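The values are calculated or read from the model by the stated rules, or taken from the named source; none is laboratory data. It should be emphasised that the depicted structure is a prediction, and the values quoted were computed from it without experimental measurement. Note that we place each Cβ from the backbone using ideal geometry, even for glycine, and neighbour counts take in every protein chain shown. Protein only, heavy atoms only, side chains kept; ligands, DNA and RNA dropped before computing areas. Shrake-Rupley method; radii C 1.70, N 1.55, O 1.52, S 1.80 Å.
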Amino acid sequence: MANDYDPDQDYAYDVEYMERTRNYYRAQGYNSDYQWARHEDTPFQPLNKPLSASKVAVITTAMPDTELGRRQRAVYSTPIDPIPESLYTAELSWHHGMTHTDDVGSFLPVAALTKLVDSGAVGSIASRFVSLPTEYSQRNTLQKDGPKILKYCQAEQVDVAILVPL
Amino acid sequence: MGLVSRLLEANGIATVVMGSAMDIIAHCGVPRYLHSDLPLGNPCGVPFDRTMQAQILDQALVLLEEASSANTIMRSVAKWPGTQSWRDDYSKVDDTNRDALRLKGQQRQNQQKTDKATGIKRSAMIPDS
């Protein structure tokens, strides 16, 4: 498959979120710029089996819309059935002035995936979707949250994960 | 999210990231990324547009099946139906909000000190507002 990302090509234009965020933090008095993760090498795992035989996990940056989910940013797993009518997104960096998160299907593809399972295009969905807290500390993600999510996926015998940051 | 994608992939689980922040994901490097040209918040498609949401998910699955190497990026069919001003006004800093942002930053840093003193160690990124 061709890689159709060309940073020099003129689309309507991709927003430079890193630059915007740096300026936004500076305007609020933070002197040290956030350092986004950067890697030269990226791992790659081809599909081991067709999607029609694969088990898929969904991972979101939204927290459960519960008292605990609102209060404590952490890794949570939530049953996919029934699909929650709302998730807690207020603390996340999305475009609050332009859109909304009232439609869970706009950021959590569980309902759409379920249709594909029903049609046979996808094997199955992990019984719970996972909430991953995005946060300032990459160390927390790498050393605490990531391993928890890997453990969950392995316990569920997941073949594929769809990660959906807001 | 990119970091977790990489961790899962390194442990034998194929992944695809669906998002709307091209520069951040490309900077990190992930195995497969489906980019939707939408305001941040709706990486699966415009709210309540079930047709678009199904199309975008289909594209994510095609990417999973057809990508043959890491850092494969594909653009989805997504188009924002309303004004395109979202590109320019996200986290905008100008003379209309500079003083308010400075004040907000002071309040946030005070809150962070309080959080730290009370044992809350995890700090969220600053949301746009």
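Computed per residue of the protein assembly as shown from DSSP H runs no shorter than four, each worth -39500 (n - 2.57), the mean residue ellipticity at 222 nm is -9500 deg cm²/dmol.
Using a cutoff of 8 angstrom between alpha carbon atoms and counting only pairs six or more residues apart, the relative contact order for chain B works out to 21 percent. Amide H contacts under 5 Å for B:LEU40: A:HIS95, restricted to partners 5 or more places along the chain or on a different chain, H placed in the peptide plane at 1.01 Å from N.
Ranking B:SER36, B:TRP80, B:ALA67 by how far each Cα lies toward the positive end of the dipole of the range B:1-86 (charges on Cβ) leaves B:TRP80 at the top. Taking the 0 to 90 degree range and rounding to the nearest ten, how far is the long axis of helix A:146-155 tilted relative to the main principal axis of chain A, both from C-alpha atoms? Taking the Cα atoms of chain A, the angle to A:146-155 is about 10 degrees. Here's how it looks for B:ARG75: its modeled amide H is under 5 Å from those of B:HIS35, which are all 5 or more places away or on a different chain.
Here's how it looks for A:SER54: its modeled amide H is under 5 Å from those of A:GLY123, A:SER124, which are all 5 or more places away or on a different chain. By the Cα gyration tensor, the range A:39-131 has an equivalent ellipsoid whose semi-axes, rounded to whole angstrom, run 26, 18, 14 from largest to smallest. Computed from phi, the 3J(HN,Hα) profile of the range B:74-83 under the Karplus parametrisation 6.51, -1.76, 1.60 (θ = phi - 60°) reads 10, 9, 7, 6, 4, 9, 6, x, x, 4 Hz, with x in place of Gly and Pro. Taking every Cα-Cα distance in the protein assembly as shown and sorting them into 10 Å bins from zero, the calculated P(r) comes out as 6, 29, 38, 21, 6, 0 percent.
Computed about the Cα centre, the dipole magnitude for the protein assembly as shown is approximately 1280 debye when only Lys and Arg (+1) and Asp and Glu (-1) carry charge, each at its Cβ. Helix A:17-27 versus the longest principal axis of chain A: what is the Cα-based angle in degrees, 0 to 90, to the nearest 10? Between the helix axis and the principal axis of chain A, the angle is about 50 degrees. B:LEU3: net charge of surrounding residues, Cβ under 12 Å, Lys/Arg +1, Asp/Glu -1, itself excluded? Counting the neighbours of B:LEU3, the net charge comes to +1. Comparing B:GLN107, B:GLN55, B:GLN84 in a Gaussian network model of chain B (Cα springs below 10 Å), the most mobile by mean-square fluctuation is B:GLN107.
Mean sequence separation of contacting Cα pairs (under 8 Å, at least six apart), scaled by the length of chain A, corresponds to a relative contact order of 35 percent. For chain B, pairs of C-alpha atoms spaced more than 25 angstrom apart make up 45 percent of the total. Buried surface for the B/A pair, taken as the accessible area of each chain alone minus that of the pair with a 1.4 Å probe, is close to 8000 Å² in total.
With a probe of 1.4 Å, find how much accessible area chain A has per residue, and write the answer as a whole number in Å².
49 Å²
So in the protein assembly as shown, what percent of DSSP beta bridges are antiparallel if you round to the nearest 5? Of all bridge pairs located within the protein assembly as shown, approximately 25 percent are antiparallel. Across the range A:140-145, computed HN-Hα scalar couplings (Karplus, 6.51 cos²θ - 1.76 cosθ + 1.60, θ = phi - 60°) run 4, 5, 6, 9, 10, 6 Hz from first to last residue, x flagging Gly and Pro.
Restricting the calculation to alpha carbons of chain A gives Rg and Dmax of 17.8, 53 angstrom.
Note on chain B: with charges restricted to the Cβ of Lys and Arg (+1) and Asp and Glu (-1), its dipole about the Cα centre is near 640 debye. Among A:ARG38, A:ARG22, A:ARG70, which one shows the biggest mean-square fluctuation in a GNM of chain A, springs joining Cα atoms closer than 10 Å? Highest fluctuation of the listed residues: A:ARG38.
For B:THR15, the shell of other residues with beta-carbons less than 9 Å away shows a net charge of +1, using +1 for Lys and Arg and -1 for Asp and Glu. About the centre of its Cα atoms, the range A:26-166 shows a dipole size close to 380 debye [charges on the beta carbon of Lys, Arg (+1) and Asp, Glu (-1) only; nearest 20 debye]. From the Kirkwood radius over Cα pairs of the range A:87-166, Stokes-Einstein at 37 °C and 0.692 mPa s returns a whole-number translational diffusion coefficient of 225 µm²/s. Scalar couplings 3J(HN,Hα) for the range A:118-133, obtained by applying the Karplus form with A = 6.51, B = -1.76, C = 1.60 to θ = phi - 60°, are 4, 7, x, 6, 10, x, 7, 10, 4, 5, 9, 8, 10, 9, 10, x Hz; x denotes Gly and Pro.
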